[in-house]
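Colleague: Pasting a structure here, questions to come.
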Amino acid sequence: MSHWIEKTNVYHIYPLGFCGCEKFRSEAKDLEKGRILKVIEWIPHLKKMHFNAVYFGPLFESFEHGYDTTDYYTIDKRLGTNAEFKQVCDELHKNGIRVILDGVFNHVGRDHAAFKDLQQNGQGSRYKDWFAGVNFGGRSPYGDNFSYEGWNGHYNLVKLNLYNNEVVEHLFGAVKMWIEEWGIDGIRFDAADCLADDFIKRIHRFTRDMRPDFWLMGEIIHGQYNRWANGEMFDCVTNYQCYKGIYSSHNDRNYFEIAHSIEYQHGQYGNLYMYNFLDNHDVVRLMSVLRNPDHAECCYTMMYGMYGVPSVYYGSEFGIYGAKGQGADADVPLRPCLDLDNIPDRNDNLMNHISKLGAIRLSVPALQSGSYAKLDLKNQTLLFKRELNGEVAYIALNISDGDYTFRVGTHYPKLKDMLSGKQFDVNGGTAEVTVPKNKSMVLVDSSLSSDIVPEPEIKVETVKQEAPKPAEAAPEIKAEPVPVSEPTPVPEPKPVPEKNNGIRGVGVPEGRKIVIGGHYKHFKGGEYVVLNVAKDHETCEEQAIYMQIHDKPIIWVRPLNMFLEDVDDHGNIKPRFALLSE
């Protein structure tokens, strides 16, 4: 069944950077006008570029970067108010542009009201089971009178216990508000591979009950994508495999790499729709990773021509640069504040190229959901086609040192390149199409109109769900429960402390990392070699795999954080495992 995402070009905005916000929420003072309204000023640009959906990175109340959420129900005051964001959503919808929000559901920041309550009331807190690994027999690296699981080893990100039904209801209540008050059209799930399958399935059913066309996309970096994208879970996943394949194949001038990735995915996943991108808020900008900036146009033609939805990260349409920095602010260069009228080193040729690609994709159904077939592949040239109901579009790319002529077999009497307007005669079922170096073409039937098929007005139809009266809660937490039909799952088991009298873990010192192949000594004297690091299939927690070498060889496994942490050995702080040699 066709879905609106197939007819969509996505524009990705990281709001805190885009709007030039202070690094910390506490630094925001006397904001007269919500900065998030800046998005409205960019709507003419979005329409000119033929973007008809905006994916907003985290924009809810947080302490610092947005992924340390402190309130899922309130826009970060550095950006504005809920009413101002509603104004943004209304204007986007009026202009035929859908809204996708970032759902950060693995963890919260230490300023979240439920965690504050836990800090204040300890074992008496009604929220003590909201977080993973809470243990009142230890202390956290921040000095709390309890230990807890920091997400991925980051203790400023408190991992939520998604097996707790109250936590699920709190999150579902927020999603319900986002849909009903702002009319959002979809959610991107941060670090989706670490979410419990049951949680994903439940939120899939919940959002579908409210909006049958609601769209769910998961951030997945590694693994079999259909493990998460299927009829019960996500509609789409981030295509990191082809993200790397596109820039790498251009840098190495080797189209075999990206061609292999595309064919592998079609063989493994069939019609699974991918979320395609060339850069985002976490990775180096395309122009900073390409060895030859003249290859940028071909990169974008490849992405817009592939199966799946194309996404452009704000500013990259102008060809701006952005490489990661160092230390705590490493991602700042990737998330700049941009003035539309003063873009540094603006590349208008690239912008116009991407604008044309957006228009072409919206007007050619074969590029939206057609099949894929490779026609001609060499190291520096590639020709493939997309086909739907007899309509064919041919994508030709050339990064060789000179012009290259493709022989394109076709049933059309004449072909037209929708990027340049050039036309090519077909003789005996074949057209000879010469593509200049570092250029690309999108070839279609010459009789096809270049006009864009207008998108219908977006109508937000939400099925309101009645929620029962909220259970007694701390007043600052907007945790209105939402009815969930499934029985409450068994809570996540608490970690069992080590049976070492007087011994307890006190956290991982900043900067300490495991060395694969490293020779380590346990604080009690045994010696070991680290074999690898693995992920627990059910919890996604990283595990250290290491072999005992001081006696008979035995292979052991324990949580990575536990392997790396310091321990309190009767008042003496020391590494649990000390690195002897690499």
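The values are calculated or read from the model by the stated rules, or taken from the named source; none is laboratory data. None of these values were measured; they are calculated from a predicted model. Note that each Cβ is placed from the backbone with ideal geometry, even for glycine, and that neighbours are counted across all protein chains shown. Heads up: the accessible areas ignore ligands, DNA and RNA and are worked out on the full protein's heavy atoms, side chains in. Shrake-Rupley method; radii C 1.70, N 1.55, O 1.52, S 1.80 Å.
Colleague: Which one of the conditions (1) at pLDDT below 95; (2) open to solvent by 20 Å² or more (accessible area, probe 1.4 Å) does residue 294 fail to meet, given that it meets all the rest?
Modeller: Answer for residue 294: the failing condition is (1).
Colleague: Anything in segment 356-370 that is open to solvent by 20 Å² or more (accessible area, probe 1.4 Å) and touching a helix residue (DSSP H, G or I) at 6+ places or on another chain (Cβ under 6 Å)? List them, or say none.
Modeller: Passing the criteria: only 369.
Colleague: For segment 502-523, state whether one or more residues are at pLDDT below 80, under 21 Å from residue 154 (Cα atoms) and part of a strand (DSSP E or B).
Modeller: Yes, there is a match, as at least one residue in segment 502-523 is at pLDDT below 80, under 21 Å from residue 154 (Cα atoms) and part of a strand (DSSP E or B).
Colleague: Hey, another quick one. Residues being open to solvent by less than 50 Å² (accessible area, probe 1.4 Å) and either among the aliphatic types (A, V, I, L, M) or free of Cβ contacts under 8 Å to residues at least 12 places away in the same chain (or both): count how many of those fall in segment 194-223.
Modeller: Of the residues in that region, 8 qualify.
Colleague: With the checklist (1) of a type in the set (Phe, Trp, Tyr); (2) open to solvent by 10 Å² or more (accessible area, probe 1.4 Å); (3) modelled with pLDDT of 95 or more in hand, flag the one item residue 51 doesn't pass.
Modeller: Every listed condition holds for residue 51 apart from (2).
Colleague: Given the structure, is residue 257 modelled with pLDDT of 95 or more, open to solvent by 10 Å² or more (accessible area, probe 1.4 Å) and under 23 Å from residue 60 (Cβ atoms)?
Modeller: Values: modelled with pLDDT of 95 or more: yes; open to solvent by 10 Å² or more (accessible area, probe 1.4 Å): yes; under 23 Å from residue 60 (Cβ atoms): no.
For residue 257, the condition - modelled with pLDDT of 95 or more, open to solvent by 10 Å² or more (accessible area, probe 1.4 Å) and under 23 Å from residue 60 (Cβ atoms) - is not met.
Colleague: Surrounded by fewer than 23 Cβ atoms within 10 Å (Cβ to Cβ), without any contact (Cβ under 8 Å) to a residue 12 or more places away in the chain and not acidic (Asp, Glu): does that describe residue 83?
Modeller: Here the answer is yes, as residue 83 does meet what is asked.
Colleague: Another question, then. For residue 206, which of the numbered conditions (1) among the aromatic types (Phe, Trp, Tyr); (2) in contact with a helix residue (DSSP H, G or I) (Cβ under 9 Å, 6 or more places away or on another chain); (3) closer than 20 Å to residue 109 by Cβ fails to hold?
Modeller: It is condition (3) that residue 206 fails.
Colleague: Determine if segment 90-110 includes at least one residue that is crowded, with 23+ Cβ neighbours inside 10 Å and over 22 Å from the mean Cα position of the chain (by Cα).
Modeller: no
Colleague: Name the residues in segment 118-132 that are open to solvent by less than 20 Å² (accessible area, probe 1.4 Å) and touching a residue at least 24 places away in the same chain (Cβ under 8 Å), would you?
Modeller: Our first condition is that a residue be open to solvent by less than 20 Å² (accessible area, probe 1.4 Å); within segment 118-132, this holds for 118, 122, 125, 127, 130-132.
118, 122, 127, 130, 131, 132 - these are the residues of segment 118-132 that are open to solvent by less than 20 Å² (accessible area, probe 1.4 Å) and touching a residue at least 24 places away in the same chain (Cβ under 8 Å).
Colleague: Another one. Out of the residues in segment 310-354 that are assigned to a loop (DSSP other than H, G, I, E, B), among the hydrophobic types (A, V, I, L, M, F, W, C) and more than 23 Å from the chain's Cα centre (by Cα), which is surrounded by the fewest Cβ atoms within 10 Å (Cβ to Cβ)?
Modeller: Residue satisfying both the conditions and the ranking: 340.
Colleague: If residue 387 meets every condition in (1) of a type in the set (D, E, K, R); (2) surrounded by fewer than 20 Cβ atoms within 10 Å (Cβ to Cβ); (3) in contact (Cβ under 8 Å) with a residue 40 or more places away in the chain apart from one, which number is that one?
Modeller: It is condition (3) that residue 387 fails.
Colleague: Can you tell me which residue among 161, 135, 145, 152 is over 21 Å from the mean Cα position of the chain (by Cα) and within 15 Å of residue 105 (Cβ to Cβ)? Give the steps one after another, and end with the answer.
Modeller: Numbers: 135 fails: within 15 Å of residue 105 (Cβ to Cβ); 145 fails: within 15 Å of residue 105 (Cβ to Cβ); 152 fails: over 21 Å from the mean Cα position of the chain (by Cα).
Within the list 161, 135, 145, 152, the selection yields 161.
Colleague: Next up: Go through (1) of a type in the set (Ser, Thr, Tyr); (2) in contact with a Gly (Cβ under 6 Å, 6 or more places away or on another chain); (3) free of Cβ contacts under 8 Å to residues at least 60 places away in the same chain and name the single condition residue 269 misses.
Modeller: For residue 269, the failing item is (2).
Colleague: Among 416, 378, 374, which is the only one that is open to solvent by 20 Å² or more (accessible area, probe 1.4 Å) and closer than 30 Å to residue 48 by Cα?
Modeller: Just one listed residue meets the conditions, 416.
Colleague: What number of residues within segment 542-561 satisfy the criterion of being within 14 Å of residue 521 (Cα to Cα) and open to solvent by less than 90 Å² (accessible area, probe 1.4 Å)?
Modeller: Total satisfying the criteria: 4.
Colleague: Within segment 91-113, how many residues are farther than 25 Å from residue 130 by Cα and either in contact with a strand residue (DSSP E or B) (Cβ under 9 Å, 6 or more places away or on another chain) or touching a residue at least 24 places away in the same chain (Cβ under 8 Å) (or both)?
Modeller: Qualifying residue count for the region: 9.
Colleague: Right, here's the next one. Out of the residues in segment 164-174 that are touching a Lys or Arg at 6+ places or on another chain (Cβ under 9 Å) and either of a type in the set (Phe, Trp, Tyr) or open to solvent by 30 Å² or more (accessible area, probe 1.4 Å) (or both), state the one that is farthest from residue 104 (Cα to Cα).
Modeller: Here the residue is 166.
Colleague: A follow-up question, please. So residue 250 fits all but one of (1) within 30 Å of residue 177 (Cα to Cα); (2) surrounded by 22 or more Cβ atoms within 10 Å (Cβ to Cβ); what number is the exception?
Modeller: In the conditions (1) within 30 Å of residue 177 (Cα to Cα); (2) surrounded by 22 or more Cβ atoms within 10 Å (Cβ to Cβ), residue 250 misses (1) alone.
Colleague: Sticking with this structure for a sec: Let me spell it out: the conditions are (1) surrounded by 19 or more Cβ atoms within 10 Å (Cβ to Cβ); (2) without any contact (Cβ under 8 Å) to a residue 60 or more places away in the chain; (3) touching a Pro at 6+ places or on another chain (Cβ under 9 Å), and residue 403 meets all of them except one. Which number is the exception?
Modeller: (1)
Colleague: Step by step: first the residues of segment 355-398, then only those that are aliphatic (A, V, I, L, M) and part of a helix (DSSP H, G or I), then the one that is nearest to residue 305 (Cα to Cα). Which residue is that? Give the derivation first.
Modeller: The first filter runs over segment 355-398 and keeps only residues aliphatic (A, V, I, L, M), leaving 357, 359-360, 362, 364, 366-367, 373, 375, 377, 382-383, 388, 392-393, 395-397.
From what is left, the residues that are part of a helix (DSSP H, G or I) are 357, 359-360, 362, 366-367.
Numbers: 357: 9, 359: 12, 360: 10, 362: 11, 366: 9, 367: 6 Å.
The qualifying residue nearest to residue 305 (Cα to Cα) is 367.
Colleague: Can you pull out the residues in segment 562-575 that are modelled with pLDDT of 85 or more, surrounded by 14 or more Cβ atoms within 10 Å (Cβ to Cβ) and charged (D, E, K, R)?
Modeller: 565, 566
Colleague: So residue 279 clears everything in (1) open to solvent by 10 Å² or more (accessible area, probe 1.4 Å); (2) in a loop (DSSP other than H, G, I, E, B); (3) charged (D, E, K, R) except one condition, right? Which one?
Modeller: For residue 279, the exception is condition (1).
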